[in-house]
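Participant: Below you'll find the structure I mean.
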Number of protein chains: 2
Amino acid sequence: MSTDAGREDRVLDRIEAFRRRRPRLLDTVVTLSHGAGGKASAALVDAVFVDAFRNPELEQLGDAAVGVLDAGAAGGAVGVGAAGGAVGVGERLAFSTDSYVVKPLQFPGGSIGHLAVHGTVNDLAVSGARPRWLSAAFVIEEGFEIARLREIVADMATAASGAGVAIVTGDTKVVGKGSADGLYISTAGVGVVPAGRRLGADLVRPGDRVVVSGPLGDHGMAVLLARGELALEADIASDTAPVHRMVEALLAAAPATRWMRDATRGGVGTVCNELAQATGFAVVLDEAALPIRPAVLGACDLLGIDPLYVANEGKFVAVVAADETDAALAALRGQAGGEAAAVVGEILAEPEGIVALRTAFGGTRIVDMLVGDPLPRIC
Amino acid sequence: MSTDAGREDRVLDRIEAFRRRRPRLLDTVVTLSHGAGGKASAALVDAVFVDAFRNPELEQLGDAAVGVLDAGAAGGAVGVGAAGGAVGVGERLAFSTDSYVVKPLQFPGGSIGHLAVHGTVNDLAVSGARPRWLSAAFVIEEGFEIARLREIVADMATAASGAGVAIVTGDTKVVGKGSADGLYISTAGVGVVPAGRRLGADLVRPGDRVVVSGPLGDHGMAVLLARGELALEADIASDTAPVHRMVEALLAAAPATRWMRDATRGGVGTVCNELAQATGFAVVLDEAALPIRPAVLGACDLLGIDPLYVANEGKFVAVVAADETDAALAALRGQAGGEAAAVVGEILAEPEGIVALRTAFGGTRIVDMLVGDPLPRIC
């Protein structure tokens, strides 16, 4: 035993010099080592992610964020930490995910970082949930500049803080040069649906009104123009923004609201087709009522793109009860981003499952689902 | 009004022929249109994903899965649907995410589909949570074969069903040829931590034992050999598997268990370094006690790779109280995948934050964190 103890002592002496410190990030570009889960990964995560997304769950750096929320106790909610909320009796959870592959990564009005937060926040919001916690998983191409990664991560942090959500868990993978286009981000989100709140296509009735929360097509046209492949310049910025405060204002003012969906890929045209299919009713839109900025309309005209199919990242479509329409509009218009909210159509019993557009010239045309992809990698 | 009504009738007649049907998938490869959010996207989602992952939440196809679990009501849990569980009083949620970029996509013992489910299930499990719901987001390279996508999605469905979790929400993006390497999958997971269960590096004490749940290095070596770049053949299959049942058995038999981590990227060597850093104690491993299959050990020797750094996808490291070690081992060995569980080391007070390996020849060497990346894109 004394021999063993002596050996142990020598071991202790010899390795005393190796006392562990968290590794520092010295690189200027991302390398395969940063995705290997070892020392370089730890340095990247410490220097880029933990710093930007600072919150108690993330700093634990375990495999999962635990205790992001506590279940409700009898008679009251159990408090939680930084995330600031709990699930009370009768409340339900919502869970959503999206990958973001937008090209270019940065564009007028925002970046993939903003989209990755707002997109998932908005998916939760239009399902009736109050967004709370996000995860973020990065697939990074070898050689990506760390300074640029920091900018995008800072955009995510700003977007999360602005939306009142916490990024509590994450992952980083690195793929070789030529195996990605810079950076892809996948976020998932968990939100809490208040007790008694229910939205669904099954609640939609003929006579209901279709409302959009603001001008259409800004995001898609901003990204398209930012690619610089078209001989066209216009002052158009992405509308990337969280919509959950607009949603809450709408539901407070118009509690009979039936259904909501954010009009991202595929635009309002595709969202309305999903609505028509899910309800079996007709969605009839009025072209003259669609809020579209002149610059977006002009660019769409020049490029032969129908603005109904252009992506938005801070806009949603809601179906409201006819007698709550005025209250719904007033509530939306009182919110940042909702100033140009408009009633753009109505639900009719027939023809089943069809979206039609009453044009400004008095005609009517069918609005089909988006076919093909005029704008790939828009979000 | 009669004019309006007449026009409406004509509209109805004209569009009667366009009655909506869900589009059918006729393509054999993924195209950019499948990522556009329109008709082709709907066809792909319907034909490939909804069918495989069938559950009530996913079939709603909204922006988020709502009601995946209900908060506990006073005196008892509120039942939920297919996901089969609820959050009771005092329970907490865990939330985790990972992106999967393994190359090749299919290998002996599994595929990226198995990894995408097991990896996230295991992250939740080692945090003490019972895994319940997963999200899945796909970034697919244009031209990817739909038949192969179906195989991988079927692997995910099999893995989810085997692990008792539901894939309740998802997303599909498509990027152009050369902007990804086939397919990347990001999953996030939500699990429930039972009331009173707590694990953490702060609970670890000198004298505790380090246990691994089974043979090390199978996954990493299986993937490396599957690449076919080495003039080496060996009968090695990935160990990809869910560990949550092993974790539950361990915690039932050894309730004082301090800390757990699944040993994926970076292997047991890196996990033990994270443990040493988080606790400030020394982790001393016995080389002779490490369970490693002869084929894996042989391949590692030939290639000059330290098996301590090779990835596993169905193994975890646990720190258990010394007096519960026998019970812990017996419990693990009674579970599928845990038959070769072993005590591989112990926690010492000093030297602070160091991992040391007592070699089979009586020497001792430092086990640093993984530096560089001998095996990129292993998961």
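The values are calculated or read from the model by the stated rules, or taken from the named source; none is laboratory data. Because the structure is predicted, anything quoted here is derived from the model rather than measured. Note that each Cβ is placed from the backbone with ideal geometry, even for glycine, and that neighbours are counted across all protein chains shown.
Participant: Hey, A:Ala336 hits all of (1) under 18 Å from A:Ala234 (Cβ atoms); (2) aliphatic (A, V, I, L, M); (3) in a loop (DSSP other than H, G, I, E, B) but one; which does it fall short on?
Facilitator: (1)
Participant: I've got another one for you. Just for the range A:151-181: of the residues that are assigned to a loop (DSSP other than H, G, I, E, B) and farther than 15 Å from A:Gly119 by Cα, which one is farthest from the other protein chains (Cβ to nearest Cβ)?
Facilitator: So, considering only residues that are assigned to a loop (DSSP other than H, G, I, E, B) and farther than 15 Å from A:Gly119 by Cα, the one farthest from the other protein chains (Cβ to nearest Cβ) is A:Lys177.
So that you can scan it fast, the table gives a plain yes or no per residue for (1) closer than 19 Å to B:Leu357 by Cα; (2) small (Gly, Ala, Ser):
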| residue | (1), (2) |
| --- | --- |
| B:Leu250 | no, no |
| B:Leu275 | yes, no |
| B:Gly280 | yes, yes |
| B:Ala288 | yes, yes |
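Participant: Now, a different point. Taking the condition in the same structural domain as B:Leu230 (by TED's automatic domain parsing), under 23 Å from the mean Cα position of the chain (by Cα) and on the phi < 0 side of the Ramachandran plot, does B:Ala341 pass?
Facilitator: Yes: the conditions hold for B:Ala341.
Participant: Looking at the structure I just gave you, is A:Leu370 within 13 Å of chain B (Cβ to nearest Cβ) and either over 18 Å from A:Val310 (Cα atoms) or part of a loop (DSSP other than H, G, I, E, B) (or both)?
Facilitator: It is true that A:Leu370 is within 13 Å of chain B (Cβ to nearest Cβ) and either over 18 Å from A:Val310 (Cα atoms) or part of a loop (DSSP other than H, G, I, E, B) (or both).
Participant: Looking only at the range A:248-267, which residues are outside any loop (DSSP other than H, G, I, E, B) and within 17 Å of A:Asp208 (Cβ to Cβ)?
Facilitator: Within the range A:248-267, A:Leu250, A:Leu251, A:Ala253, A:Trp259, A:Met260, A:Arg261 qualify.
Participant: Give the number of residues within the range B:349-367 that are over 27 Å from B:Leu302 (Cα atoms) and either crowded, with 21+ Cβ neighbours inside 10 Å or at the interface with chain A (Cβ under 8 Å from one of its Cβ atoms) (or both).
Facilitator: 5
Participant: If we keep just the residues of the range B:95-113 that are hydroxyl-bearing (Ser, Thr, Tyr) and over 16 Å from B:Arg227 (Cα atoms), which is surrounded by the most Cβ atoms within 10 Å (Cβ to Cβ)?
Facilitator: Here the answer is B:Ser96.
Participant: Can you confirm whether the range A:228-246 contains a residue that is out of contact with any His (no Cβ under 6 Å at 6 or more places or on another chain) and polar (S, T, N, Q)?
Facilitator: The answer is no; no qualifying residue exists.
Yes/no matrix, rows are residues, columns are (1) farther than 22 Å from B:Gly220 by Cα; (2) among the aliphatic types (A, V, I, L, M):
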site	(1), (2)
B:Ala331	yes, yes
B:Gly337	no, no
B:Leu348	yes, yes
B:Thr359	yes, no
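Participant: Next up: Looking only at strands (runs of 3 or more DSSP E) that lie completely in the range A:38-144, which have at least 2 residues being modelled with pLDDT of 95 or more, not assigned by TED's automatic domain parsing to the domain that holds A:Ala256 and not hydrophobic (A, V, I, L, M, F, W, C)?
Facilitator: Strands (runs of 3 or more DSSP E) meeting the threshold: A:92-100, A:130-141.
Participant: Being under 21 Å from the mean Cα position of the chain (by Cα) and of a type in the set (Val, Ile, Thr) is the filter here, so list the residues in the range B:174-228 that pass it.
Facilitator: B:Ile185, B:Thr187, B:Val190, B:Val192, B:Val193, B:Val211, B:Val212, B:Val223 - these are the residues of the range B:174-228 that are under 21 Å from the mean Cα position of the chain (by Cα) and of a type in the set (Val, Ile, Thr).
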